[in-house]
């Protein structure tokens with residue numbers, strides 16, 4: 001009796017071990033993978049890819065570097081998926097870094113060129129490295145190194161290309177003043193000072209407006225502003241029909257096909273035909289203002305995507321300006337990766353999110 005009983009006990013033990021290995025061990029692995037997948041998916045949807053959820057059984061461990069204390073608490077809430085048992089929050093807080101939080105901070109560049117009666121020039125403001133180099137070189141060429149005082153602060157601010165490109169012109173125009181100053185700020189250009197006796201004030205204002213294409217030009221006291229609104233007039237059937245035709249013409253332009261060099265704001269030459277279509281319609285429909293919206297996918301940092309999307313939109317604005325579309329009708333806006341129209345998880349989705357959009361508004 002002892003041998004059969006011993007054999008029976010061994011058989012039961014082996015059966016229980018096989019059951020444990022087959023079901024008790026394998027089922028938690030499947031549950032574990034499911035919990036990890038669902039937690040990570042929720043983090044992706046919440047745009048919190050900096051969180052890594054590691055799962056052991058039903059226990060979740062959160063790892064990564066969070067941008068704020070509030071984000072750490074939010075991550076723990078998001079990780080509470082169905083089936084979890086406990087959460088070990090090991091997220092750490094990132095060191096504070098300057099963030100681009102608004103359009104004002106993003107484009108917070110300044111440049112002021114002041115010229116005295118003795119032809120001494122003082123440069124002040126905040127520029128990026130490349131623009132600073134252009135401005136200083138132009139000043140030295142015109143007035144000589146000894147007559148130029150450089151007080152510009154070099155910071156990583158976004159400076160529109162037209163600032164550096166138009167400095168030579170500004171230096172030439174300052175020669176027409178007994179003393180004066182030129183100031184760039186945002187998309188504005190302000191010129192003021194005292195004219196020499198043989199200069200026509202009105203002709204000069206017209207010339208500087210045409211050559212700089214600035215939104216605001218100030219000479220002496222008066223300020224010249226391009227008219228933002230036309231006088232009110234009764235809408236006629238003809239004007240309504242024309243507006244509808246213009247909207248339709250703009251809508252037919254496939255701006256989403258505009259392409260740029262990789263990680264760059266340089267428009268590919270193959271896209272010039274599309275830009276020329278925009279120019280043609282913009283000139284025909286000159287009562288419409290245009291907003292150029294730039295978008296990127298989620299690859300890379302948010303700050304770099306914000307900068308790249310704006311620079312791409314502004315590159316199109318520059319192209320239109322060079323084709324004689326008025327600057328006061330144009331606006332460049334960069335959204336970075338904040339407005340996706342497809343999933344950033346796939347190559348096709350990311351390609352759709354890297355796009356340019358055109359918004360038209362009747363003046």
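Scanning segment 254-280 for residues that are buried (at least 18 other Cβ atoms within 10 Å of the Cβ) and in contact (Cβ under 8 Å) with a residue 60 or more places away in the chain yields a total of 3. With respect to the conditions (1) assigned to a strand (DSSP E or B); (2) free of Cβ contacts under 8 Å to residues at least 60 places away in the same chain; (3) under 14 Å from residue 255 (Cβ atoms), residue 357 falls short on a single one, namely (2).
When the helices (runs of 4 or more DSSP H) confined to segment 1-102 are screened for residues that are modelled with pLDDT under 65, those reaching at least 3 such residues are found at 2-19, 26-45. Scanning segment 304-316 for any residue that is without any contact (Cβ under 8 Å) to a residue 12 or more places away in the chain, closer than 30 Å to residue 42 by Cα, surrounded by fewer than 19 Cβ atoms within 10 Å (Cβ to Cβ) and out of contact with any helix residue (DSSP H, G or I) (no Cβ under 8 Å at 6 or more places or on another chain) turns up at least one such residue. Of the residues making up segment 69-94, those that are farther than 28 Å from residue 30 by Cα and either touching a strand residue (DSSP E or B) at 6+ places or on another chain (Cβ under 7 Å) or not assigned by TED's automatic domain parsing to the domain that holds residue 31 (or both) number 4. Within segment 321-332, the residues that satisfy the criterion of being touching a helix residue (DSSP H, G or I) at 6+ places or on another chain (Cβ under 6 Å) and either on the phi > 0 side of the Ramachandran plot or part of a helix (DSSP H, G or I) (or both) are 321, 327.
The values are calculated or read from the model by the stated rules, or taken from the named source; none is laboratory data. Computed from a predicted structure; not experimentally measured. FYI the Cβ positions are ideal-geometry reconstructions off the backbone, even for glycines, and counts take in every protein chain you see.
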